[in-house]
């Protein structure tokens, strides 16, 4: 899988590359508008991470160029602006997702994972993971041939875990992911524990192996 | 409170009254003096005429004595008497006595008298002439009446002029005042004062204009600074957050180090939250939001409550809802959502475990009540970063955002404490 990171902030790009490389993703970095344009001209990527504010141009122009050339690369906008207008404009121009800075790398990984899934398996959007079969569109989960019912939050959590396999996910990171806009307003992260506990129980009740491990006391990790 | 012109009118009226009151004795003295002077002159003329008339008769002394006696009888107010010695000096006097011609018995009149020496046939006679003169009290009364009349004309004139002046003269001032009243710093619309040819008002307008321009510029700079600063902070925060994420994945991380990293994570979440909220506040104040859309308030409230259900459960808070359907208001959807979330989350945060939260929505009021023990300080509640003493969490910006969103929409947010309940009310 090839990923292009268009980001002028060197340290940020470096972190993203470091984190994603472990996922068997092949990462390339473009730190200017011109560099990015040259790269997308020549290569195709599975996913492009696009920073809108670049020193020598607007990232949205790159997006417009991609769409003009009818390229199928998935695009996730990573912006420091986080304004609704920006988000709407980006998505209307044809971006697949929008992530506001600052974000967790696990969040980014999960988004890239879902995006590539969507792009690669257009209609039958099913993830097979160990003895689980997850339909991303219908939001159903089949374990060992038997359907299990998950709440919206539990389903969300499951996808997040699978998108971040073998990674340590701390409680606060999960809290941020789960409560979305509210995360930064809630101080008590105990609800994460409740959701993880329920998910674990449902998976083990269905006869599944226990993939979700507790690490360092308050962190979690999907091992599989 | 009285207006300026009414105040000056009162002073002017008092002054005019004093002047007019003082003028009454002055006029009286003047009129009386003229009266007496004229009468004295008149009496002298009469005396001269009598003297001349008698002398022109060229009659004998016996006849003269007879004539004088007869004259004295028909002229009771005058008298000609034989003077033993000629009067060296005329004497003038004023006397009050009964008027012998008067029909009424009790009528007392004032007379001006002259005693002078006349010579008839070279004999000295003493002539007394008395002429009726207007009484003092009558003169005073007439003058007072006229004065009062003029005083009334003057006061009524003042009053009418005053009303006209306050309308016309003060019009530029009223205009300025009206514009200042409607001025809002955060709307950033400059105020244009009307041209005026009154020096004082022109000066006032120029000074106010300078002051307002300065305030607007300062306010703008301050807001731009907040926005830029928050914006610039996003990237380093993002770098930090990602570095911590990478740190968490190290294989040789000890549990102790993990917890340190997790604490850093929490602090980062908090700084990102504060930063994000500051940015949001700056954007609302910069009017970067369109608030003319139609939004379904009830749907937003229900959505928010659904999303927060797990937090109600977590704290074992019992929730009561009384939400009217089809509540449509004009505003910005995203901001209204943030407003609802902030108020409800604030309630969740401050409700003791197993407490209650009541959410009510009517066509004009959105109200959230949560159980609590102590009233909060209303003056601090909506202020940025002013946290309640017992509250060590939260960004301290949630309610400021609520207030700013309300300001933008022209809604009213109020807080009160009743029957052990904190009540936040938004009226739109």
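Bear in mind these aren't lab numbers, they're just calculated from the coordinates by the rules spelled out. Owing to the predicted nature of the structure, the values given are computational and were not obtained by experimental measurement. Here the Cβ is made from the backbone with ideal geometry for all residues, glycine too, and neighbour counts use every protein chain on show.
A few remarks follow.
- Pairwise FRET efficiency - residue B:145 versus residue B:364, Cβ, R0 = 51 Å, nearest 0.05: 0.20
- Ranked by the mean number of other Cβ atoms within 10 Å of their residues, highest first, the peptides A:101-110, B:230-239, B:316-325 come out as A:101-110, B:230-239, B:316-325.
- Between the beta carbons of residue B:215 and residue B:136, assuming R0 = 51 Å, the FRET efficiency works out to 0.15 to the nearest 0.05.
- Evaluated over the Cα positions of chain B, the convex hull gives a direction-averaged projected area, one quarter of its surface, of 43.9 nm².
- Between helix B:255-285 and chain B: long-axis angle, C-alpha atoms, 0 to 90°, nearest 10: 40 degrees
- Computed FRET value (nearest 0.05) for residue B:418 with residue A:190, which takes r as the C-beta separation and R₀ as 30 Å: 0.45
- Angle between chain A longest axis and helix A:84-93 axis [Cα atoms, degrees, rounded to 10]: 80 degrees
- Gyration tensor (alpha-carbon) shape descriptor, the range A:126-222, a/c threshold 1.5: prolate
- Note on A:97-110: average number of Cβ atoms from other chains within 10 Å of each residue's Cβ is 4.
- Overall Cα dimensions of the range A:61-158, principal axis frame, Å, largest first: 47, 29, 20
- Rounded to the nearest 10 degrees, the inclination of helix B:398-409 to the longest alpha-carbon principal axis of chain B is 60 degrees.
- Rounded if a/c under 1.5, otherwise prolate or oblate - the range B:28-81, Cα gyration tensor axes: prolate
- At the listed q of 0.21 Å⁻¹, the Debye profile of the range B:293-427, built from one uniform point per Cα, gives log10 I(q)/I(0) equal to -1.41.
- Orientation-averaged projection of the range B:199-285 equals 6.9 nm² [convex hull of Cα atoms, one quarter of hull surface area].
- Binning the C-alpha pair distances of the protein assembly as shown at 20 Å intervals from 0 yields a P(r) profile of 13, 31, 18, 9, 8, 9, 8, 4, 0 %, listed from the shortest bin outward.
- All C-alpha pair distances within chain A, sorted into 5 Å bins from zero, spread as 1, 6, 14, 17, 18, 16, 12, 8, 5, 2, 0, 0 percent across the bins.
- Cα gyration tensor category, rounded, prolate or oblate, for the range A:2-51 with a/c compared to 1.5: oblate
- Inter-chain neighbour count for B:244-255: the average number of beta-carbon atoms from partner chains within 10 Å of each residue's beta-carbon is 5.
- Ordering of B:346-358, A:5-17, B:194-206 by packing is A:5-17, B:346-358, B:194-206, highest average first (other Cβ atoms within 10 Å, averaged per residue).
- Once both labels are positioned 7 Å from their Cα atoms along Cα-to-Cβ, the gap between residue B:192 and residue B:299 label points is 4.1 nm.
- Put a dot 7 Å past the Cα of residue A:144, heading toward its Cβ, do the same for residue B:83, and the two dots end up 16.0 nm apart.
- Over chain B, DSSP H runs of length four or greater, each weighted -39,500 (n - 2.57), average out per residue to a 222 nm ellipticity of -20000 deg cm²/dmol.
- Centroid-to-centroid, using Cα positions, the range A:74-119 and the range B:1-76 are 111 Å apart.
- Inter-chain Cβ neighbour average for residues B:232-239, partner chain, 10 Å: 6
- With both labels modelled 7 Å from their Cα along Cα-to-Cβ, the residue B:354 to residue A:56 distance reads 6.7 nm.
- A straight chain from residue A:130 to residue A:89 at 0.36 nm per residue would run longer than the Cα-Cα distance by 10.9 nm.
- Here the range B:81-101 is scanned for amide nitrogen atoms under 19 Å from the site 7 Å beyond the Cα of residue B:44 along Cα-to-Cβ, giving B:87-94.
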